[in-house]
1. Looking only at region 363-376, how many residues end up being under 21 Å from Lys183 (Cα atoms) and open to solvent by 30 Å² or more (accessible area, probe 1.4 Å)?
2. Scan region 250-273 and give yes if some residue there is within 30 Å of the chain's Cα centre (by Cα) and in contact (Cβ under 8 Å) with a residue 40 or more places away in the chain, otherwise no.
3. Modelled with pLDDT under 95, farther than 30 Å from Asp125 by Cα and not aromatic (Phe, Trp, Tyr), is that true of Glu170?
4. If you check Leu368, Leu353, Leu384, Leu373, which single one turns out to be within 30 Å of Trp262 (Cβ to Cβ) and under 25 Å from the mean Cα position of the chain (by Cα)?
5. I need the full set of residues from region 307-356 which are of a type in the set (D, E, K, R) and without any contact (Cβ under 8 Å) to a residue 24 or more places away in the chain, in order please.
6. Name the residue, out of Thr345, Thr315, that is at pLDDT 95 or above, among the hydroxyl-bearing types (Ser, Thr, Tyr) and assigned by the TED database to the domain that holds Ser420.
7. Among the candidates Lys197, Lys248, Lys205, single out the residue that is at pLDDT 95 or above and charged (D, E, K, R).
8. Listed residues Ser431, Ser386, Ser360, Ser420; which is more than 21 Å from Phe243 (Cα to Cα), open to solvent by less than 70 Å² (accessible area, probe 1.4 Å) and out of contact with any helix residue (DSSP H, G or I) (no Cβ under 8 Å at 6 or more places or on another chain)?
Amino acid sequence: MRAKRVCQGPPAAEPTARRAGSPRETGRGAQRRAPRAGASPEAAPRKSGGVPEPRARPSAERRRVTVTPDFIVNSRNLEGFGTVCNEAGHWCLSKPSIFLFSCSLVIRGDKDEQAVLCSEDKTYDLKVADTSNMLLFIPGCKIPEQLKMEETHGNIIHTEIFGFSNNYWELRRCRPKLKKLKKLLMENTYEGPDSEKEKDSSHSKYTTEDLLDQIQASEEEIMTQLQVLNACEIGGYWRILEFDYEMKLLNHITQLVDSESWSFSKVPLNTCLQELGPLEPEEMIEHCLKCYGKKYTEEGEVYFELSADKICRATAQMLLQNAVKFNLAEFQEVWQQSVPEGMTTRLDQLKGLALVDRQSRPEIIFLLKAEDLPEGDQERFNSLFSLREKWTEEDIAPYIQDLCGEKQTIGALLTKYARSSMQNGVKVYNSRRPIS
């Protein structure tokens, strides 16, 4: 499905709107709610009588809304948008504002998805709301303040009614729906330039434009998630490295650091590329350094400071991915022996990646990635409580942290979806509803 882009501003002849019944009331949400879901932005055919007949809603699942670049968002109440006419004759949102979108807006969603509205960096749920006040759309409409500035006489102005509506769009800031992003990229992971898959053109690949068309998130949110997934652009397509290939690259780098007796906080880029270039593509070596280190420049030379926590975490994932459950004591011993010399492993490096069961005898650890859990709040809690009946806040926090909104805390989420009790002097949480 192609995402529908909302144009940046209406042409000069684009009509504005006024709420029927009161000349001083602004057309609340008029520009936003002008097109109903699925409606065409073109004008409805006019009848000689003035008011056009209501237009039938097309069956297409994509929707187009026209707004101006002066699209102002009320940070306190995104649902209660009203509109006023600005100096340029365009309609914009009238509530007190903090954020200003000087960009185009896009409505995204497939047939089986709830539509969302995306700016350059934020995502909003879209819902149609009814209003008891009929909204009239009038070409060249002027608000009372504009008429006062023109010093016009108090004559009745006869004008044409271009269209009308009894509903408008309500917007609510929501989390971007990014789970689909990883699903798409995992369809064809990158295993290296010599892989047989790279010789087969039938495997799916996605450009930035493809992802923008299919993922319900803003461009900035998508690009941020691509960094979280350690994705890289190869030949114009976004790819996730196969984990085994990624570990192979990391192993080349750590072995070179050890053989050259370098500090992990000062790994020279150029020397790495010269030494490892014959083994793997230089862009892959540099990408691996970016994934596991921080780039900086010193005396004109580019260096990377490798993160011990990231390397230890990746090593733990490599050990756990092939085991259903691992004896905790044995795992910690093997894990420490597997990381490069000088690095120290700690269980807190595995938050959101692995879970320790201290109730079992012996204690065990197993792989549980937060990114593989459901996106919805209730579905996430159902999944966690089906896995374990009671959780401490310390254990469950890494798996629900991403569910928190802008001003929401983990404690608030637990209060809403779980009930607390004391067990051996420790507060634990269990589900508020039966888990089937």
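1. Here is the first cut: in region 363-376, the ones under 21 Å from Lys183 (Cα atoms) are 367-376.
In the following step, the residues that additionally are open to solvent by 30 Å² or more (accessible area, probe 1.4 Å) were identified as 367, 369, 371-372, 374-375.
Qualifying residue count for the region: 6.
2. Pass one, region 250-273, residues within 30 Å of the chain's Cα centre (by Cα): 250.
With the extra rule that they be in contact (Cβ under 8 Å) with a residue 40 or more places away in the chain, the set shrinks to 250.
Taking every residue of region 250-273 in turn, at least one turns out to be within 30 Å of the chain's Cα centre (by Cα) and in contact (Cβ under 8 Å) with a residue 40 or more places away in the chain.
3. no
4. Working: Leu368 fails: within 30 Å of Trp262 (Cβ to Cβ); Leu384 fails: within 30 Å of Trp262 (Cβ to Cβ); Leu373 fails: within 30 Å of Trp262 (Cβ to Cβ).
Unique residue meeting the criteria: Leu353.
5. Step one: filter region 307-356 for residues of a type in the set (D, E, K, R), giving 309-310, 313, 325, 330, 333, 341, 346, 348, 351.
Of everything in region 307-356, those that are of a type in the set (D, E, K, R) and without any contact (Cβ under 8 Å) to a residue 24 or more places away in the chain turn out to be Lys310, Glu330, Glu333, Asp348.
6. Values: Thr315 fails: assigned by the TED database to the domain that holds Ser420.
Result of the check over Thr345, Thr315: Thr345.
7. Working: Lys197 fails: at pLDDT 95 or above; Lys205 fails: at pLDDT 95 or above.
The unique qualifying residue is Lys248.
8. Working: Ser431 fails: out of contact with any helix residue (DSSP H, G or I) (no Cβ under 8 Å at 6 or more places or on another chain); Ser386 fails: open to solvent by less than 70 Å² (accessible area, probe 1.4 Å); Ser420 fails: out of contact with any helix residue (DSSP H, G or I) (no Cβ under 8 Å at 6 or more places or on another chain).
Criteria check complete, one pass: Ser360.
The values are calculated or read from the model by the stated rules, or taken from the named source; none is laboratory data. Everything numeric in this text was worked out from a predicted model, so none of it was measured. Quick reminder, even Gly has a Cβ in these numbers, built from the backbone with ideal geometry, and neighbours come from all protein chains shown. Remember, those area values only see protein heavy atoms, side chains included, never the ligands or the DNA or RNA. Shrake-Rupley method; radii C 1.70, N 1.55, O 1.52, S 1.80 Å.
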